[in-house]
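Student: One structure, pasted below without further comment.
No lab work stands behind these numbers, since they all come straight from the coordinates. Being a predicted model, the structure only gives us computed values, none of them experimental. Neighbour counts run over all protein chains shown; Cβ positions are idealised from the backbone, glycine included.
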Amino acid sequence: MKQHVEKIKATINELKRIDNKKINTKLDLNKSERVLDKLGTLASDCQECEQQLVEFENHYNQILDKNKHLQESDYKQHKKLIREAYSHLQKNHKLLPEGYYLSVFISVGISIGVMFGLTIFDNIALGLPIGMCIGIAIGSGLDADAKKNGKTI
Ligand SMILES: [Zn+2]
């Protein structure tokens, strides 16, 4: 499987070298690489990861072939593949998207901030930023931990 991942990555690198902004942003190649890395390490124990790797390999070969003649349907297909891989990794391997805790705790922080702002401080303008800062602190801490433990995609 390692070989497959290396091959797909080589294809992605070629795509990056084409230096076509549209391809780079629409395909979100850095994110694709992170997904591929995870699939690659999990594929030895998980058939679905293995199968998705094969699909990615075919898909990127096609993309590279078409290169300047890529159409909306190709981008759509790409999004679909990434989305499927993402949901599989989240559901079956308990992985989290990057920045997951940050987004969760910012919204929790904001609601708590508003609540305290309304009750204890009697001033929303004061409670809101405090809640948000605490949310950012907790969220980014948890994200860093998750990343260190290889739990993020
Ligand atoms: Zn899997």
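Student: As a test of the formula, what do you get for the chain when each DSSP H run with n ≥ 4 contributes -39,500 (n - 2.57) and the sum is divided by the residue count, at 222 nm and rounded to the nearest 500 deg cm²/dmol?
Tutor: My calculation for the chain gives -27000 deg cm²/dmol from helical runs alone.
Student: With a Förster radius of 35 Å, plug the Cβ-Cβ distance of Asp28 and Lys2 into 1/(1 + (r/R0)^6) and report the FRET value to the nearest 0.05.
Tutor: E(calc), rounded to 0.05, equals 0.90.
Student: Just checking the chain: which Cys have no other cysteine's beta-carbon under 4.7 Å?
Tutor: Those would be Cys133, since no other cysteine Cβ in the chain comes under 4.7 Å of theirs.
Student: Helix 124-148 sits at what angle to the longest principal axis of the chain, using alpha carbons and giving 0 to 90 degrees rounded to 10?
Tutor: Approximately 40 degrees, to the nearest ten.
Student: Considering only the other residues whose Cβ falls under 13 Å of the Cβ of Lys76, what net charge follows from Lys and Arg at +1 and Asp and Glu at -1?
Tutor: +1
Student: Subtract the Cα-Cα distance of Glu98 and Lys147 from 0.36 nm times their separation in residues, and report this length gain in nm to one decimal.
Tutor: 16.8 nm
Student: Give the angle, between 0 and 90 degrees and rounded to the nearest 10, that separates the Cα long axis of helix 29-42 from the longest principal axis of the Cα atoms of the chain.
Tutor: 80 degrees
Student: Which of the peptides 142-152, 42-52 is most tightly packed, and how do the rest follow, judged by the mean count of other Cβ atoms within 10 Å per residue?
Tutor: Those peptides, ordered most packed to least, come out 42-52, 142-152.
Student: Treating the angle as unsigned and between 0 and 90°, give the value, to the nearest 10°, between the Cα long axis of helix 47-66 and the longest Cα principal axis of the chain.
Tutor: Computed tilt is about 70 degrees.
Student: Starting from region 15-124, pick out the trypsin sites (Lys or Arg not before Pro) whose DSSP state is loop and whose Cβ has at most 13 other Cβ atoms within 10 Å.
Tutor: In loop regions of region 15-124 (DSSP not H, G, I, E or B), the sparsely surrounded trypsin sites (Lys or Arg not before Pro) are Lys94.
Student: Same structure again: Need the full-extension length gain, Asp37 to Tyr75, defined as separation in residues times 0.36 nm minus the C-alpha distance. One decimal, nm.
Tutor: Using 0.36 nm per residue and subtracting the Cα-Cα distance, I get 11.6 nm.
Student: Give me, ordered by chain and number, the residues 5 or more places off Thr152 or on other chains with an amide H under 5 Å from its own placed amide H.
Tutor: Those lying under 5 Å, H to H, from Thr152 are Leu96.
Student: Subtract the Cα-Cα distance of Asn20 and Glu84 from 0.36 nm times their separation in residues, and report this length gain in nm to one decimal.
Tutor: Extra length available between Asn20 and Glu84 comes to 20.5 nm.
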